[in-house]
Amino acid sequence: MTSYQFPEGFLWGAATASYQIEGAAEAGGRKPSVWDTFSATPGRVLNGDTGAVACEHYYRYEDDVQLMVQLGIKHYRFSIAWPRIIPDGRGAVNEEGVDFYKRLVDCLLAHGITPHATLFHWDSPQALEDLYGSWQSREMAFDYADYVTAVVSRLGDRIQHWMTINEIMCFTHLGYAVGKEPPHAPGTQVNSLKQIWQTSHHALLAHGLGCKAIRAVSPVPCLIALVDNISVTVPINESPRHIEAAKQAFHTCGQNGGIIFPVLTGAYSPALIEQLGSHAPDIREGDLETIHQPLDCLGLNIYTGTYVRAADNKVGYEFLDLPQGYPRMHMPWLNIVPESIYWGIRHVSETLGCEDLPILITESGCAAQDELNVNGEVIDTDRIMYLRQHLKAAHRAVSEGYPLKGYFVWSLMDNFEWAWGYDRRFGITYIDYETQKRIPKASFDWYRECIRSDRVV
Ligand code: PNW
């Protein structure tokens, strides 16, 4: 029998992102991001929701830090909004925007909470979209690096855990699509698959240049990570044949071969390049060296996975469709595959030549159909079930010796869920959007108990 006890020092946290919680879209010198423009365009976001107000975290951050204290987390992952720091995308720094993050971080530190700052979580300055089509242009990578320099030179005395970019696939491949309405900002239809891969290549370059910028200006030693949403392939059963098949599938999949491979190995996966043929991005000399920067840590966002089995076909594996009625949480893609936490960590660690690279689960969580009951509580036993199973899979990774160092639940509170607006709730704290009242859900109390006892309860 296992008690699911985590080793001492296992890092427990919660995560959020700027555009999803801050609101105050026009306050303190901030100018629009592509998500302001996109969400203000009719038909783009469910119910016409926008992030203009969101959770008013910009004004209520002290209350939110109190929530963290109540929860008992010692680590908080949030993101910094480029359009607050450099409202025009390039050029003048808006010190008022910087001051907001100084206040937030000082408040965290005063309560013994370590800040983990993501430098980019999808809110590109609209000005750069207007100027050169943001990620469609190589210039974006260089403007990003200048923005990083501005942030780290001002906040590097307070923040030592930096995450360059969140989920490159999402804001590139979901923000630009060939011949269909892209679900994410900027929502631009490009002409070819090659152009889409070019946007993610530019984002990879931004990551690499960002790493260099952080190391160049950080006033004290710091830790740098990339946050990626790998596509997790789970063997249908844990026999060597099927494990091998899952590994092969992990390598071939574009979501992995095109992001985490170049970052960790210095090359796109050969299987992907072959598959893309003439659709592969243009890669200039030196790009791959820039992209392949030494990292101190890797952040993985894992919500679900795909089952794979060995097959007698050309590639030796096949992805399995899920049956009708397979259990899922409150998003079309959120199939419940808890082993994905374990297999995601194991595939990365074993196959990408980075056995010793510390890994953090930087997001894990789910949307549920939360409702206040007559007593004004949210009893989200479905979320507790989901989180409990995922934490058990995380525990398995730790107990088998994989370098998993911590876990951040997504999310500290309900927030603006991109194209789904406020219709989908991922928080362990319920937000009443009429009153902005924060109401900890049953999962909040459950997670607090895990943190208090360092184990899955
Ligand atoms: C992440 N998928 O996005 C983001 O980092 C968060 O901002 C977001 O709120 C959260 O997950 C919940 O959606 C994802 O299709 C988007 O598998 C899509 C997927 C996964 C994560």
Quiz item: According to the Cα gyration tensor, what semi-axes, each the square root of 5 times an eigenvalue, does the equivalent ellipsoid of segment 362-457 have, listed from largest to smallest in whole Å?
Solution: 26, 15, 10
Practice problem: Counting other Cβ atoms within 10 Å, keep those with at most 13, restrict to DSSP loop, and tell me which GluC sites (Glu not before Pro) in segment 354-457 are left. | Solution: Glu355, Glu371, Glu400, Glu434
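Only helices at least 30 Å long along their own axis, judged from Cα atoms, and with Kyte-Doolittle mean hydropathy of -1.0 or greater: name those in the chain from DSSP H. Could you put the intermediate results ahead of the total?
Numbers: long enough: 193-217 (36 Å, 0.24).
Result, helices passing both filters: 193-217.
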Quiz prompt | Paired Rg and Dmax values of segment 238-281, which use every Cα atom, in angstrom | solution = 11.6, 37
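Can you list the GluC sites (Glu not before Pro) in segment 227-318 that are in a DSSP coil and have 14 or fewer other beta carbons within 10 angstrom?
The qualifying sites are Glu238, Glu285.
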Quiz item: So which GluC sites (Glu not before Pro) in segment 23-115 are both in a DSSP loop and have at most 16 other Cβ atoms within 10 Å of their Cβ?
Solution: Glu26
Exercise. Rounded, prolate or oblate: pick one for the chain, where a ≥ b ≥ c are the square roots of the eigenvalues of its C-alpha gyration tensor, a/c under 1.5 means rounded, and failing that, prolate if a/b is larger than b/c, else oblate.
Key: rounded
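For segment 362-456, what is the relative contact order in percent, using Cα pairs closer than 8 Å and at least 6 residues apart in sequence?
32 percent.
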Quiz item: In percent, what relative contact order does the chain have, based on Cα pairs under 8 Å that are 6 or more apart in sequence?
Solution: 17 percent
Practice problem: Grab the eigenvalues of the alpha-carbon gyration tensor for segment 56-106, scale each by 5, take roots, and send me the semi-axes largest first in whole angstrom. | Solution: 26, 10, 8
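All of the numbers you see were taken from the coordinates with simple rules; none came from a lab. Note that the structure is predicted; figures quoted are calculated from it, not measured. Heads up, the Cβs are rebuilt from the backbone with ideal geometry, glycines too, and the neighbour counts pull from every protein chain shown.
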